[in-house]
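Structure first, then comments.
A short reminder: the numbers here are calculations on the coordinates, not readings from a lab. If you're wondering where the values come from, they're calculated on a predicted model, not measured in any experiment. Cβ placement follows ideal geometry from the backbone for every residue including glycine, while neighbour counts extend to all protein chains displayed.
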There are 2 protein chains.
Amino acid sequence: MLIIPECEIADLMTREVAFDAVEKVFAAMASGDAYNFPVVREAIGHEDALYGFKGGFDRAGLTLGLKAGGYWPNNLEKRGLINHQSTVFLFDPDTGKPSAMVGGNLLTALRTAAASSVSIKHLARKDAKVIGMIGAGHQAAFQLRAALEQRVFEKVIGWNYHPEMLPNIEKVANDAGVAFGAVELNGMAEADVIISITSAFAPSLMADHVAPGTHVACMGTDTKGKQEVEAALLAKASVFTDEVAQSITIGEAQHAVAQGLIAESDVAQLGAVINGTNPGRISDDQITLFDGTGVGLQDLAVAASVVDLAVQKGIAIKVDF
Amino acid sequence: MLIIPECEIADLMTREVAFDAVEKVFAAMASGDAYNFPVVREAIGHEDALYGFKGGFDRAGLTLGLKAGGYWPNNLEKRGLINHQSTVFLFDPDTGKPSAMVGGNLLTALRTAAASSVSIKHLARKDAKVIGMIGAGHQAAFQLRAALEQRVFEKVIGWNYHPEMLPNIEKVANDAGVAFGAVELNGMAEADVIISITSAFAPSLMADHVAPGTHVACMGTDTKGKQEVEAALLAKASVFTDEVAQSITIGEAQHAVAQGLIAESDVAQLGAVINGTNPGRISDDQITLFDGTGVGLQDLAVAASVVDLAVQKGIAIKVDF
């Protein structure tokens with residue numbers, strides 16, 4: 001039984017490894033080699049916390065386990081701890097014995113950033129030059145940092161409901177040597193790639209803010225009622241997702257499906273594009289949209305990778321269990 | 001973050017501590033202070049394994065977490081490991097950080113035995129003298145050992161589909177200084193308390209095998225389709241359970257409810273008897289029946305107790321996480 005504490009993850013894990021792990025597990029999901037279990041998510045009635053489990057099994061990678069944890073909204077103010085707290089537990093699929101326990105906080109940020117990056121690699125135009133960010137919080141910096149590695153971007157444009165937070169992403173752009181400009185939402189028409197990463201319950205990005213040929217990654221909607229983009233945008237776009245069942249119930253596609261603008265069959269797995277069984281983008285005018293809902297298998301995949309790295313570097317704590 | 005490996009549990013945990021933990025959490029469930037989360041249970045398509053999570057939160061005991069694991073049917077033959085493998089993970093309900101990881105194999109046996117014992121304490125006649133066992137496998141020994149401490153039993157009678165296994169429970173009886181006799185099923189009419197602990201899919205114990213005044217604890221049925229006792233017995237009995245929702249869907253009561261012999265409202269929580277809000281047994285002629293389905297909160301309760309014991313004895317492994 002190996003333990004990789006949260007404090008070791010930053011030195012061990014790289015964006016490249018997270019990208020490869022997420023790309024591979026999306027492919028395994030689409031080929032039927034990997035599946036997610038039903039998600040448990042409970043408002044426990046203590047500290048206003050949301051707590052639950054996201055589990056899954058990847059037969060190809062032989063990765064079995066769960067991420068447990070959730071959202072403790074008072075952590076930062078009361079205790080100086082981050083509000084999102086999670087831990088990944090891996091099990092040996094041959095025996096059912098626990099094999100590893102891995103800090104899941106930074107990994108969650110990295111795997112979420114990797115998901116939009118994988119979508120950009122496979123769905124954005126090769127000549128994409130301008131990337132637009134809707135949202136400028138903590139996670140937005142992760143998304144942008146990873147996205148900038150996928151194309152030769154020349155400019156980052158950003159919009160946030162609270163404009164005073166835009167320096168968060170401006171810094172990421174500048175660190176990568178890319179110009180940054182704040183825009184109004186209709187200024188997003190300049191973008192070739194747009195990532196939205198907010199926790200909004202009403203759309204910010206409207207269909208007419210998005211130019212033909214753009215790839216949009218909606219990364220913030222993971223709950224019934226949340227919404228980042230106008231439902232009409234999904235009707236205009238080719239829609240892809242990590243997991244169709246989540247996309248149409250708790251993801252961005254929930255609204256377009258509920259309004260009858262698209263059907264479940266209009267939502268394709270990004271993994272199928274990775275596997276080559278779905279053509280993905282077929283024209284330079286097409287709008288592609290990735291609905292990233294977040295699945296347990298992503299967490300297991302990055303945790304399994306970090307265990308390998310920790311073993312290689314002699315950092316994993318071994319416990320007889 | 002504390003770790004209590006499986007190998008330490010036998011020396012740390014006692015039947016008394018398990019009993020107290022289970023009695024207390026049944027009471028907390030009935031008073032609304034504790035609740036179980038939806039159960040995840042998956043046939044993962046590898047090694048014929050069943051794997052899943054049973055979680056819950058006890059606001060009174062401030063115990064939050066889950067048991068993860070399942071059933072690996074090839075473990076013993078292929079690897080010399082036991083087939084049931086589980087691990088309990090506890091979390092700090094104030095912060096969402098993991099607080100303990102505890103081996104769950106022996107604990108599962110002890111908490112299941114504690115459940116029928118708690119039912120005997122609160123529902124069997126005080127003058128019960130004869131205890132009957134249906135089933136004589138590994139778990140039956142745990143059930144009997146714990147049950148013998150609840151009344152001054154003078155005799156154990158036993159029946160098993162494979163009679164050659166009866167020495168398993170005869171030994172437990174003899175170790176406690178109590179006489180043992182093998183019986184046919186109709187011989188169970190002599191018993192004042194009956195525990196059934198099998199994995200049968202058809203009833204063994206029929207309604208006319210059970211004398212007035214008997215307390216029956218059905219401990220084996222935890223899945224749709226399993227059945228240990230005739231549905232008509234539940235119609236004759238006052239029925240109690242750990243969790244009503246499980247009792248009527250995957251527990252022994254599923255059949256009597258499906259056949260319209262009893263209604264959901266006929267099934268009471270054992271915790272309500274512990275709390276004094278349900279009178280429990282009200283006559284010496286009444287048949288009482290406990291439908292023990294097994295809930296995650298039992299696992300969390302015994303794990304939390306073992307953590308306390310391990311800390312007291314300096315055995316818990318501390319890991320900075």
Computed FRET value (nearest 0.05) for residue A:77 with residue A:311, which takes r as the C-beta separation and R₀ as 30 Å: 0.20
Segment B:28-150 - percent relative contact order, Cα under 8 Å, separation 6 or more: 15
Quotient of C-alpha Rg and 2.2 N^0.38 Å, computed over the protein assembly as shown: 1.09
Proportion of all alpha-carbon pairs of segment B:239-308 beyond 14 Å (%): 63
Computed Kirkwood radius, in angstrom, where 1/r is averaged over Cα pairs of segment A:49-97: 12.2
For chain A: relative contact order, % (alpha-carbon pairs under 8 angstrom, 6 or more apart): 22
Bridge type composition, the protein assembly as shown - antiparallel percent by DSSP, nearest 5: 50
Shortest-first nm distances, residue B:311 label point to equivalent points in other copies (7 Å, Cα→Cβ): 3.3
Per-selection Rg to Rh, segment B:69-126 - Cα, Kirkwood hydrodynamic radius: 1.16
Estimated Rh, segment A:164-321: Kirkwood, alpha-carbon pairs, angstrom: 17.4
Coordinate range along principal axes, alpha carbons of segment A:124-193, Å, largest first: 32, 25, 17
Kirkwood hydrodynamic radius over Cα pairs of chain A, then Stokes diffusion coefficient at 10 °C and 1.306 mPa s, in µm²/s: 80
Cut-off 13 Å between beta-carbons: net charge of the residues surrounding residue B:56, Lys and Arg +1, Asp and Glu -1: -2
Principal semi-axes in Å for segment B:1-45 [√(5λ), Cα gyration tensor, largest first]: 23, 22, 10
Residue-averaged 222 nm ellipticity for chain A, from DSSP H runs of 4+ at -39500 (n - 2.57), nearest 500: -9500 deg cm²/dmol
FRET efficiency estimate (nearest 0.05) - Cβ-Cβ, residue B:126 to residue A:245, R0 60 angstrom: 0.65
Distance between segment B:277-307 and segment A:21-66 - C-alpha centres, whole angstrom: 32
Shortest-first nm distances, residue A:190 label point to equivalent points in other copies (7 Å, Cα→Cβ): 9.2
Residue order, fewest to most beta carbons within 10 Å, for A:261, A:110: A:261, A:110
Fewest-first sequence of B:305, B:238 by Cβ atoms within 10 Å of each Cβ: B:238, B:305
Chain A: angle of helix A:138-147 to the longest principal axis, Cα-based, in degrees nearest 10: 80
Per-copy distances of the residue A:60 label point, shortest first, in nm (7 angstrom along Cα→Cβ): 4.9
Paramagnetic reach from residue B:138 (point 7 Å along Cα→Cβ, amide N under 11 Å) across segment B:1-31: none
Candidate lysines for bridging to residue B:318, where Cα separation is under 28 Å - those fewer than 8 sequence places away on the same chain excluded: A:54, A:67, A:78, A:97, A:313, A:318, B:24, B:54, B:67, B:97
Alpha-carbon gyration tensor eigenvalues x 5, square-rooted, for segment A:158-200, Å: 16, 14, 10
Chain A, rotation onto B, residue closest to that axis via Cβ, with its distance in Å: A:53, 3
Kirkwood Rh and Cα Rg combined as Rg over Rh, evaluated for segment B:1-116: 0.98
Inter-label distance, nm, simple model (7 Å from Cα along the C-beta direction), residue A:171/residue B:189: 8.3
Longest segment of chain B lacking trypsin sites (Lys or Arg not before Pro) that sit in a DSSP loop with at most 15 other Cβ atoms within 10 Å: B:1-125
